[in-house]
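Undergrad: Starting off with a structure, shown below.
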Amino acid sequence: MNKDTNNRVNEIKRSFRLLMNGVTAQSMRDKGIDYHINWGASLMHLREMASEYPQDCELAQGLWQENVRECKIMATMLMPKEDFAFDTAMQWIEQTRTTEIADIATMNLYCHLPYAAEMAMSLIKKEDEMLRHHGFTILSRLFTNGEAVLEAQEVEIFLNKAVAALSDANSSLRRSAWNSISHFADLNEECHIAAQNALKSIKRDDWL
């Protein structure tokens with residue numbers, strides 16, 4: 001990171017003090033959402049701040065390296081999608097340990113990437129719960145946007161993985177898997193039938 005980028009990162013970090021919301025930050029801690037530093041800034045205020053800076057790969061990378069909630073969120077807003085390589089995206093995902101950052105990064109960045117579906121299908125096959133959460137959340141966004149992005153053989157894999165996740169002990173993973181199935185079913189009648197057939201293999205009480 002060059003000196004100019006480092007100065008901009010520090011400038012942005014200092015600005016977060018003006019957005020501090022102690023009540024929100026404490027509420028997150030009470031819910032088990034813990035960060036090294038969390039100013040409790042709202043997404044609306046962070047978007048307003050991000051609009052004052054150009055899309056910049058190096059700046060986004062510099063912000064992402066900071067163990068600060070607001071820095072990571074701003075990084076997802078400032079990373080140019082056309083410059084965000086697959087390997088770098090996977091690194092960010094592997095470094096993410098909260099569902100809040102996973103969901104915001106998906107909304108701002110991951111679901112807009114040209115390789116989003118490929119990456120999501122890779123993630124839902126992983127053992128790690130957070131990686132699978134990312135995968136199902138990305139697919140949910142793609143399905144919500146009306147993008148039927150999966151080949152026939154991928155549909156079978158997706159539904160099998162999603163249905164299996166509905167029985168996982170992790171409630172966030174269960175929720176992201178269910179959302180992905182629901183949005184997939186909304187794509188068209190064929191998808192609806194496929195989702196219904198997949199869900200017949202389990203009892204609703206098994207994953208509630």
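The values are calculated or read from the model by the stated rules, or taken from the named source; none is laboratory data. Please read all numbers here as calculations on a predicted model, not as lab measurements. With ideal geometry, Cβ positions are generated from the backbone for all residues, glycine too; neighbour counts draw on all protein chains shown. Side chains included, ligands, DNA and RNA excluded: accessible areas come from the protein's heavy atoms. Shrake-Rupley method; radii C 1.70, N 1.55, O 1.52, S 1.80 Å.
Undergrad: Taking His133 as meeting all but one of (1) in a loop (DSSP other than H, G, I, E, B); (2) surrounded by 21 or more Cβ atoms within 10 Å (Cβ to Cβ), write down the number of the exception.
TA: Exception for His133: condition (1).
Undergrad: In this structure, does Ser27 turn out to be at pLDDT 95 or above, hydroxyl-bearing (Ser, Thr, Tyr) and surrounded by fewer than 13 Cβ atoms within 10 Å (Cβ to Cβ)?
TA: No; evaluated as a whole, the condition is false for this residue.
Undergrad: Here is a follow-up. Taking region 137-177 as the search range and keeping residues that are exposed (fewer than 15 other Cβ atoms within 10 Å of the Cβ) and not in a helix (DSSP H, G or I), which one is nearest to the chain's Cα centre (by Cα)?
TA: Restricting to residues being exposed (fewer than 15 other Cβ atoms within 10 Å of the Cβ) and not in a helix (DSSP H, G or I), the top hit is Asn145.
Undergrad: Oh, and also: Across region 83-109, what is the number of residues that are assigned to a loop (DSSP other than H, G, I, E, B) and more than 11 Å from the chain's Cα centre (by Cα)?
TA: 2
Undergrad: Residue check, Arg204 against (1) at pLDDT 95 or above; (2) open to solvent by 80 Å² or more (accessible area, probe 1.4 Å); (3) more than 21 Å from Thr76 (Cβ to Cβ), all met but one. Which one?
TA: Condition not satisfied by Arg204: (1).
Undergrad: Anything in region 157-181 that is in contact (Cβ under 8 Å) with a residue 24 or more places away in the chain and among the small types (Gly, Ala, Ser)? List them, or say none.
TA: Selection gives Ala162, Ala165, Ser167, Ser172, Ser176, Ala177, Ser180.
Undergrad: If I filter region 91-109 for residues that are within 18 Å of Asn179 (Cβ to Cβ) and open to solvent by 50 Å² or more (accessible area, probe 1.4 Å), do I get at least one hit?
TA: yes
Undergrad: Within region 111-121, is there a residue that is part of a helix (DSSP H, G or I) and open to solvent by 80 Å² or more (accessible area, probe 1.4 Å)?
TA: There is at least one residue in region 111-121 that is part of a helix (DSSP H, G or I) and open to solvent by 80 Å² or more (accessible area, probe 1.4 Å).
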